[in-house]
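Let me begin by presenting the structure, written as structure tokens, before commenting on it.
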Amino acid sequence: MELVEDHQTAEAPPASSGSGAGASGRPPLTTRLTRRKPVERVVDETGQGDDGRLHRSMGMWQLTAISIGATLGTGIFVVLGEAVPDAGPAVVLSFVIAGVTALFSALAYAELAGMIPASGSAYSYSYATMGELLAWVCGWCLMLTYGVSVAAVAVGWSDYIDKLLVLTTGLSLPAELAGPLGEGGIVNLPAAAVVLLAMVALLGGVRESAWANLVMVVIKIGVLALFVGIGVTAVQDQNFAPFLPLGMGGVSAAGATLFFSYIGFDAASTAGEEAKRPQRDLPRAIMLSMVIVTALYCLVAVVAVGVLPWDRFEGTDASLATILTMVTGTPVWSLVFTLGALIAIASVVLVVLYGQTRILFAMSRDGLVPRVFSTVDAKGTPRANTVIVTAFIAFLAALVPLGHLADATSIGTLFAFGMVNVAVLVLRRIRPELQRGFRVPLSPLVPLLGVASCAYLMLSMGISTWVAFGSWLVLGLVVYFGYSMRRSRLEPGNSTHTAALRE
């Protein structure tokens, strides 16, 4: 049986002799790198920390809000200025293309999230299918993606704070307090502040922070609906002609840019151990969030290019707040929109910070990072984990010019997405009997398209991005071989700790 083979691979006892073991009695290196954690064991351990358990307290709407909260943020508020000059009025098609591309991976996440409701997201799925080394690489990529992206989003929040001050008082933040060294400042205090506020919400408990995020998501959807409602009154038909001024090549180029406005849906899968009915609700939440986000993006894009001729987006940020001022002739609605954008971006910081702590929680429970990250208090909160991660991200946001490291978050996300698509194919082959509450349609075609689309977008990135990503991977391999491989709870001799944990 496959399960027996998995257990033998993962937890084989130390061998005293024979060609299959090294001089130390350990299994061969290739066996240690490819050992898998059986799906049943991943599921059985869900919720368990070193000193307590995570609490299952979130329903489908809260999970959907987590997915929307991580996805619907800075992208739609600034991305049109980059995409419209490439696609023209056909930018709405670019949003659809990007959404379909993201949907391939979202379908894979939906199948695995319902079947393996673990906090580790793509890391846990890879551990159950492709072995420890690839799982570590996936988790290491997620650390980069979540950690640096939170810092980058916090910097964007700081920019909106400055814009709000200008709108209300005519004054700007002192340059020394609005950016790190190397970017005209000394410290970015607003960026650090929003990260610390998110930490306070998370330490209050997952139920409370989930409700806070739900309220913020409702507000951000309302703000975008406000833009559509006001902007549609000024739409002019002639702004849609010609519809394809730069051809389908421009539409595709804009689609590649817009893809990264969709990549927050995986945050819902990090809540798998705190969902009340994960097998049912996680797939629904992921798919529902994709529908809502895609519909909002397309509506906003149609109204924006209907109000402002597409060739006027070139060389400006063409923010939605600016378009509102043009339509109404007053800065009042721009002020309202800016306030909504602040709330929208704050919800991204909250949800992505949450996801980062839960991924580290899962990796710590497996022994690959220190045990402090899986310590849980009486409220079911990984308190030390949250404080440590917040301190590190606040430092990044306040003091470090992110540069190409921020660009590398996109390639790390694409790598994780590709691994999730592969995990669907592997589990379909080695564990076909497992119950699946949701199944990716047209498999293996759709997962293969997911892998291909991720690979295509990765290969389209610049050399500097690949250098930053490669450097991060090298550092991760040093940590794995120097620390994590020996501390793994699947390592012979370490299994007693795992048994005690499960009891």
Legend entry - Quarter of the Cα convex hull surface for region 256-377, i.e. its orientation-mean projected area (nm²): 11.0 nm²
Inset, instruction - Give the Rg/Rh ratio for region 416-457, taking Rg as the radius of gyration of the Cα atoms and Rh as the Kirkwood radius, to two decimals. - result: 0.99
Inset, instruction - Per residue of region 61-73, in order, report the coupling 6.51 cos²θ - 1.76 cosθ + 1.60 (Karplus, θ = phi - 60°) as ³J(HN,Hα) in whole Hz, putting x for Gly and Pro. - result: 5, 5, 5, 4, 5, 5, 5, 5, x, 7, 8, 8, x
Inset, instruction - Normalise the Cα radius of gyration of region 339-389 by 2.2 N^0.38 Å (N = residues in it) and let me know the number. - result: 1.32
Inset, instruction - Please work out which option in [x] 81, 46, 42; [y] 69, 57, 38; [z] 80, 52, 46 gives Cα extents along the principal axes in Å calculated from these coordinates, and answer with its label. - result: [x]
Inset, instruction - Could you tell me the accessible area of ARG439 in Å² (1.4 Å probe, neighbours in place), rounded to the nearest ten? - result: 120 Å²
Inset, instruction - Only loop residues by DSSP count here, and only those with at most 12 other Cβ atoms within 10 Å; note down the GluC sites (Glu not before Pro) in region 270-315 that meet that. - result: GLU314
Inset, instruction - Could you give the size of the charge dipole of region 98-245 about its Cα centre, using +1 on the Cβ of each K and R and -1 on the Cβ of each D and E, expressed in debye and rounded to the nearest 20? - result: 220 debye
Inset, instruction - With +1 on each Lys and Arg Cβ and -1 on each Asp and Glu Cβ, and nothing else charged, work out how big the dipole of the chain is about its Cα centre, in Debye to the nearest 20. - result: 1200 debye
Legend entry - Farthest positive-ward along region 351-503 dipole, Cα basis, beta-carbon charges - from GLN435, LEU396, PRO382: GLN435
Inset, instruction - Could you state how much accessible area GLU183 has, in square angstrom rounded to the nearest 10, with a 1.4 Å probe and all protein chains kept in place? - result: 110 Å²
Legend entry - 5 Å binning of all Cα-Cα separations within region 288-339, expressed as whole percents from 0 upward: 4, 19, 22, 23, 20, 9, 3, 0
Inset, instruction - Step through the residues of region 476-487 one at a time and calculate ³J(HN,Hα) from phi using the Karplus curve (6.51 cos²θ - 1.76 cosθ + 1.60, θ = phi - 60°), rounding each to whole Hz and writing x for Gly and Pro. - result: x, 5, 4, 5, 4, 6, x, 9, 5, 4, 6, 8
Inset, instruction - Leaving ligands, DNA and RNA out of it, rank MET419, MET248 by accessible area with a 1.4 Å probe, largest first. - result: MET248, MET419
Legend entry - Accessible area, probe 1.4 Å, largest first, for residues LEU142, LEU103: LEU103, LEU142
Inset, instruction - Starting with the highest mean, order 83-92, 382-391 by the number of other Cβ atoms within 10 Å, averaged over the residues of each peptide. - result: 83-92, 382-391
Inset, instruction - Under 20 Å Cα to Cα from LYS276, which lysines show up? Leave out anything in the same chain fewer than 8 places away. - result: LYS379
Legend entry - Accessible area, probe 1.4 Å, largest first, for residues PHE373, PHE265, PHE392: PHE392, PHE373, PHE265
Inset, instruction - Any chance you could look up the accessible area of ASP407 with a 1.4 Å probe, heavy atoms only, rounded to 10 Å²? - result: 70 Å²
Legend entry - Ordering of 345-355, 471-481, 166-176 by packing [mean C-beta count within 10 Å, highest first]: 345-355, 471-481, 166-176
Inset, instruction - Find which of ALA423, THR31, TYR125 sits farthest along the positive direction of the dipole of the chain, computed with +1 on the beta-carbon of Lys and Arg, -1 on that of Asp and Glu, about the Cα centre. - result: THR31
Inset, instruction - Could you point to the residue in ASN213, ILE230, MET363 farthest towards the positive end of the chain's charge dipole, with +1 and -1 charges on the Cβ of Lys/Arg and Asp/Glu respectively? - result: MET363
Inset, instruction - Read phi for every residue in region 387-393 and hand back ³J(HN,Hα) as whole Hz from Karplus 6.51 cos²θ - 1.76 cosθ + 1.60, θ = phi - 60°, with x for Gly and Pro. - result: 5, 5, 4, 4, 4, 5, 5
Legend entry - the chain: calculated mean residue ellipticity at 222 nm from DSSP helix runs of at least 4, using -39500 (n - 2.57): -22000 deg cm²/dmol
Legend entry - Accessible area of the chain belonging to carbon and sulfur atoms, whole % at 1.4 Å probe: 67 percent
Inset, instruction - Express the accessible area of region 359-442 per residue in Å², computed with a 1.4 Å probe while the remaining protein chains stay in the model. - result: 38 Å²
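The values are calculated or read from the model by the stated rules, or taken from the named source; none is laboratory data. Just so it is clear, the structure is predicted and the values come from calculations on it, not from any experiment. Quick reminder, even Gly has a Cβ in these numbers, built from the backbone with ideal geometry, and neighbours come from all protein chains shown. The area values use the complete protein model at the heavy-atom level, side chains included, leaving out ligands, DNA and RNA. Shrake-Rupley method; radii C 1.70, N 1.55, O 1.52, S 1.80 Å.
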